[in-house]
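As structure tokens, the structure follows; a few thoughts come after it.
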Amino acid sequence: DGGITQSPKYLFRKEGQNVTLSCEQNLNHDAMYWYRQDPGQGLRLIYYSQIVNDFQKGDIAEGYSVSREKKESFPLTVTSAQKNPTAFYLCASSRDGDYEQYFGPGTRLTVT
Amino acid sequence: EDQVTQSPEALRLQEGESSSLNCSYTVSGLRGLFWYRQDPGKGPEFLFTLYSAGEEKEKERLKATLTKKESFLHITAPKPEDSATYLCAVRGTQGGSEKLVFGKGTKLTVNP
């Protein structure tokens, strides 16, 4: 089955710790994205990558970092510099930047 | 700045009671309007892409239409399994083709 996998589904961390969220796709898509979803707000773009070894900041990149060493993988690190890290994180991919995006199941991160 | 406003925020229907969800947008050069369905705790599921005014797309009980200022998602004879949050997003010409701007969604509940 082709699709996007995110792990883990739930993640709990203490304040001050960095945490890495996994995103893998086997759709052979070039572009990958990370979004954050908070209650009562629309999805907001954190980072995106249109090609391996290249990525750009989205609207809310502060406190986050990414890498794109393989076409299939786009991990997101939530650093201790992120002021309000508790949220639902969604990874997406698309054939390229002009096509519809397909989403993974999400990771709910709770930081206390 | 591109903007998307969805209305109503929440909608309750009886099974079989047809209705429409609205997505109003302002964008500098529309390069696509996207509809997604999102179930609680899950990632959004892609439904439709519309590119130009007058375009319509259908899938089962759902029909999406597009004008120059808004899109409607018509739901005909809904069933309880249609209950979900429906998200609308636009892609404009500013900020690169990768950026989608999402609305906050309409939460639809269909009672049996």
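The values are calculated or read from the model by the stated rules, or taken from the named source; none is laboratory data. Fair warning: this is a prediction, and the values are worked out from it, not measured in the lab. Counting neighbours? That spans all protein chains shown, and the Cβs are built from the backbone with ideal geometry, glycine included.
Take the residues in region B:33-43 that are of a type outside the set (Lys, Arg) and over 18 Å from B:Thr5 (Cβ atoms), then tell me which one is nearest to the other protein chains (Cβ to nearest Cβ). Lay out the reasoning, then the answer.
Restricting attention to region B:33-43, the residues satisfying the condition of being of a type outside the set (Lys, Arg) are B:33-36, B:38-41, B:43.
With the extra rule that they be over 18 Å from B:Thr5 (Cβ atoms), the set shrinks to B:39-41, B:43.
Values: B:Asp39: 10, B:Pro40: 11, B:Gly41: 7, B:Gly43: 4 Å.
Per the stated criteria, the residue is B:Gly43.
Would region A:93-110 turn up any residue that is crowded, with 18+ Cβ neighbours inside 10 Å and away from chain B (no Cβ under 14 Å)? No. The criterion of at least 2 residues that are more than 12 Å from the chain's Cα centre (by Cα), aromatic (Phe, Trp, Tyr) and more than 9 Å from chain B (Cβ to nearest Cβ) is met, among strands (runs of 3 or more DSSP E) falling completely within region A:1-62, by A:10-13. Residues of region B:53-62 that are away from chain A (no Cβ under 14 Å) and within 24 Å of A:Leu43 (Cβ to Cβ): B:Glu55, B:Leu62. For region A:56-79, taking the residues that are in contact with a Phe, Trp or Tyr (Cβ under 9 Å, 6 or more places away or on another chain) and charged (D, E, K, R), the one that is farthest from A:Asp96 (Cα to Cα) is identified as A:Lys57.
Rundown of residues vs (1) modelled with pLDDT under 95; (2) polar (S, T, N, Q); (3) surrounded by 13 or more Cβ atoms within 10 Å (Cβ to Cβ), yes/no style:
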| residue | (1), (2), (3) |
| --- | --- |
| B:Glu1 | yes, no, no |
| B:Val4 | no, no, yes |
| B:Leu11 | no, no, yes |
| B:Gly16 | no, no, no |
| B:Asn22 | no, yes, yes |
| B:Ser28 | yes, yes, no |
| B:Arg31 | yes, no, yes |
| B:Asp39 | no, no, no |
| B:Lys42 | no, no, yes |
